[in-house]
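Undergrad: My structure is below; once you've seen it, I'll send some questions.
The values are calculated or read from the model by the stated rules, or taken from the named source; none is laboratory data. What you see is a predicted model; the values in this text were computed from it and never measured. Please note: Cβ atoms are built from the backbone with ideal geometry, for glycine as well, and neighbour counts cover all protein chains shown. Side chains included, ligands, DNA and RNA excluded: accessible areas come from the protein's heavy atoms. Shrake-Rupley method; radii C 1.70, N 1.55, O 1.52, S 1.80 Å.
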Amino acid sequence: MFPTSAIRKLAPSEKLFAETQTFTSVTVHLEGSVDIDAMSTAFDAILEVYPTYSAHLEQGDDGRYQIVTD
């Protein structure tokens, strides 16, 4: 198991989504050629600015869900 760092606890309005295991996603439709190296660089930059995009939920010792990252 990898050590994790808590980013933040879920707000009360977000708790319902964790308890009901409701997930969301984003889909992008592309046409034409794609520069994979540029996309990879852009994705790494997004994760640096918004670490919650690479995070997951864990339940803390206090029973509350929190967003954590490896």
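Undergrad: What number of residues in the stretch 1-48 are open to solvent by less than 100 Å² (accessible area, probe 1.4 Å), among the β-branched types (Val, Ile, Thr), closer than 20 Å to Val68 by Cβ and free of Cβ contacts under 8 Å to residues at least 12 places away in the same chain?
TA: The total comes to 3.
Undergrad: Condition (residue is in a strand (DSSP E or B) and either touching a Phe, Trp or Tyr at 6+ places or on another chain (Cβ under 7 Å) or modelled with pLDDT under 90 (or both)) applied to the stretch 48-56: is it met by at least one residue?
TA: Pass one, the stretch 48-56, residues in a strand (DSSP E or B): 56.
Restricting the remaining residues to those that are either touching a Phe, Trp or Tyr at 6+ places or on another chain (Cβ under 7 Å) or modelled with pLDDT under 90 (or both) gives 56.
Yes - at least one qualifying residue is present in the stretch 48-56.
Undergrad: Restricting to the stretch 57-70, name every residue that is surrounded by 11 or more Cβ atoms within 10 Å (Cβ to Cβ) and not in a strand (DSSP E or B).
TA: Across the stretch 57-70, the qualifying residues are Gly60, Arg64.
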